[in-house]
Amino acid sequence: MNKSLRILLLFFLITTVTNFKKGIAQHLLVNVHSNAAHLVVDKLAGCIQYETISSVTDIHNNAENFLGLHNYLATAFPLVHQYLTREAVNNYSLLYTWTGTNSSLKPVLISAHLDVVPIESASENDWRHDPFKGEIADGYIWGRGTMDDKYRVIAILEAAERLLQQNYQPERTIYFAFGHDEEVGGYEGAGQISALLESRGVALEAVFDEGLAVAEDIIPGVEEQLALVGTAAKGNLNLKLTVTGEGGHSSMPPLETPIALLSRALVRLHDKPFKPRMIPTTRETVNVLASRMGGKYKFAVRHYGLFENRILKMLAQDQATNALIRTKMAPTILEAGDKYNVLPRIATAIINIRILNGEDINSVIKHVKKSIADDRVQVEVFGKYTPPSPVTPTDTWLYAALNSTINKTFPDALVVPALFPGATDSKHYTNLTPNIFRFAPQVVNRESAKLVHNVNERISVDVLRKCIQFYENLIQTTCGINAAQKFVKKNEAAALPFGVNGE
Ligand SMILES: [Zn+2]
């Protein structure tokens with residue numbers, strides 16, 4: 001199990017990825033007959049041409065690209081823009097409202113993001129196709145944002161466009177929330193959308209966001225693809241450690257310098273890791289996987305109480321599985337001194353901490369201070385704190401609906417709830433619902449996982465097609481199946497905003 005989980009967990013580090021296993025010829029066979037598929041490929045290609053790189057400091061400098069993309073989407077999805085309400089939130093994010101026929105049902109929110117990460121200047125020449133041209137070649141759409149996360153923006157809107165063409169009207173209100181700064185924390189985008197909804201008194205039934213994905217060929221002995229649904233996410237905190245000294249010439253140093261004290265503090269932290277713990281989500285993951293694996297694993301998991309220590313010890317042996325069972329901390333930035341013969345007056349370190357669900361900022365700081373055990377090391381919070389998410393329950397109709405939707409699109413996949421070690425825009429919606437699902441509808445493998453935020457980011461036509469199918473299904477499964485056709489009599493059709501055509 002250790003090895004299997006380790007391999008599985010390699011895939012936990014990515015947010016969106018694609019499937020390169022199927023041959024290109026097959027994609028073309030599947031799609032060449034479908035005019036709609038060609039159209040939507042062009043829509044994604046056009047979307048890539050807007051260089052919507054997010055920024056904490058100078059977002060207004062990039063207004064042209066974001067506003068250009070807004071206008072582009074309006075042209076590409078005319079029905080959506082005719083029948084849904086669209087609001088620009090904090091200038092650059094978009095909130096669409098598709099009003100349902102039954103106002104007593106709580107709305108569902110589908111979240112994606114418009115922004116992308118920049119192109120590293122060192123890697124510019126390694127791109128086989130210009131990252132912002134949206135070129136279509138070899139069965140793929142190429143460019144920054146194809147995998148993360150513009151394919152989902154396009155797929156969600158295309159799903160709605162197609163449903164509108166079929167005169168679909170949801171019973172339950174649906175929001176599409178597209179943030180403009182997910183890659184830098186999402187505080188100005190999703191954060192503001194969430195605040196706006198809260199100010200309107202909205203409580204959500206569920207949020208569906210990016211996160212984990214369908215992983216294939218990764219567990220020996222498990223033949224199925226695994227559709228990993230992020231039902232919990234770790235928290236994120238940076239602490240700054242500062243030690244101040246007298247400075248002076250390095251030929252006559254005092255007994256303890258800021259660098260020495262800081263180094264000792266870091267070593268103490270390293271030697272005192274947080275205690276291992278199995279949170280309910282990881283327990284669920286292990287349960288489902290063990291049910292598909294060999295006898296001794298099955299036995300150990302079934303008698304968890306007896307084997308708890310042994311299971312935890314096994315998981316702790318590997319850095320990836322270790323991250324699932326405890327709060328992890330790692331120093332990421334060290335700063336002190338700039339001249340070889342001058343004692344620095346200040347030495348600082350930033351510690352990045354990924355907080356396991358069940359702990360919080362206070363318990364973490366307490367552990368850090370206690371481990372360092374030295375008042376000369378000052379500890380303060382650096383930047384924004386994201387608490388660990390609440391755990392999404394899986395014994396709900398929503399999880400069952402998602403499960404069946406995944407099965408429709410990926411019939412070979414086994415759905416597995418899992419802990420997501422990263423953070424996406426969904427962290428901003430925890431005030432509106434306990435039901436947050438972090439799942440990107442695409443198949444990942446070792447190779448494709450590497451392309452996220454990387455050179456030659458690209459997505460296959462087949463993945464895009466499946467993604468549209470997935471959201472068409474998800475909307476119908478969670479917001480009412482063909483409400484218009486089912487409940488509206490012909491003579492009432494004129495009262496609908498879009499009528500009932502094409503009978
Ligand atoms: Zn993303």
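The values are calculated or read from the model by the stated rules, or taken from the named source; none is laboratory data. The structure displayed is predicted, hence computed values, not measured ones. All Cβ positions, even for glycine, are placed from backbone atoms using ideal geometry, and neighbour counts span all protein chains on display.
Observations
- Flag if Ile365 is aliphatic (A, V, I, L, M) and in contact with a helix residue (DSSP H, G or I) (Cβ under 7 Å, 6 or more places away or on another chain): no
- Of all the residues in region 127-160, those that are of a type outside the set (Ser, Thr, Tyr), crowded, with 22+ Cβ neighbours inside 10 Å and over 18 Å from the mean Cα position of the chain (by Cα) number 9.
- Contacts under 9 angstrom Cβ, first residue in region 110-131 being among the small types (Gly, Ala, Ser) and modelled with pLDDT under 95, partner within 16 Å of the ligand (Cβ to nearest atom) and not in a strand (DSSP E or B), 6 or more apart: Ser123/Asn454
- Of the strands (runs of 3 or more DSSP E) lying entirely inside region 400-499, none contains at least 2 residues that are in contact with a Pro (Cβ under 7 Å, 6 or more places away or on another chain), at positive phi and modelled with pLDDT of 95 or more.
- For beta carbons closer than 6 Å, sequence separation of 6+ or different chains, a first residue in region 48-77 that is under 14 Å from Phe132 (Cα atoms) and a second that is charged (D, E, K, R) and at pLDDT 95 or above, the qualifying pairs are Thr52/Asp115; Asn65/Glu51.
- Scanning region 370-398 for residues that are assigned to a loop (DSSP other than H, G, I, E, B), among the hydroxyl-bearing types (Ser, Thr, Tyr) and either closer than 21 Å to Thr327 by Cα or touching a His at 6+ places or on another chain (Cβ under 8 Å) (or both) gives Tyr385, Ser389, Thr392.
- The residues of region 161-182 include none that are within 12 Å of the ligand (Cβ to nearest atom) and either surrounded by fewer than 22 Cβ atoms within 10 Å (Cβ to Cβ) or under 14 Å from Asp42 (Cα atoms) (or both).
- Residues (of a type in the set (A, V, I, L, M) and more than 16 Å from the ligand (Cβ to nearest atom)) located in region 120-155: Ala122, Ile136, Ala137, Ile141
- The criterion of at least 1 residues that are under 28 Å from Asp217 (Cβ atoms) and in contact with a helix residue (DSSP H, G or I) (Cβ under 8 Å, 6 or more places away or on another chain) is met by the following helices (runs of 4 or more DSSP H) wholly inside region 227-334: 280-291, 295-302, 304-316, 319-325.
- Hey, Tyr187 part of a loop (DSSP other than H, G, I, E, B), assigned by TED's automatic domain parsing to the domain that holds Leu398, over 21 Å from the mean Cα position of the chain (by Cα) and aromatic (Phe, Trp, Tyr) or not: no
- Sole exception among (1) aromatic (Phe, Trp, Tyr); (2) within 23 Å of His81 (Cβ to Cβ); (3) within 16 Å of the ligand (Cβ to nearest atom) for Tyr187, by number: (2)
- Some residue of region 426-448 being touching an Asp or Glu at 6+ places or on another chain (Cβ under 7 Å), under 17 Å from Arg128 (Cα atoms) and in contact (Cβ under 8 Å) with a residue 60 or more places away in the chain: no
- Complete set of residues in region 95-118 that are crowded, with 17+ Cβ neighbours inside 10 Å, within 16 Å of the ligand (Cβ to nearest atom) and in a loop (DSSP other than H, G, I, E, B): Leu114, Asp115, Val117
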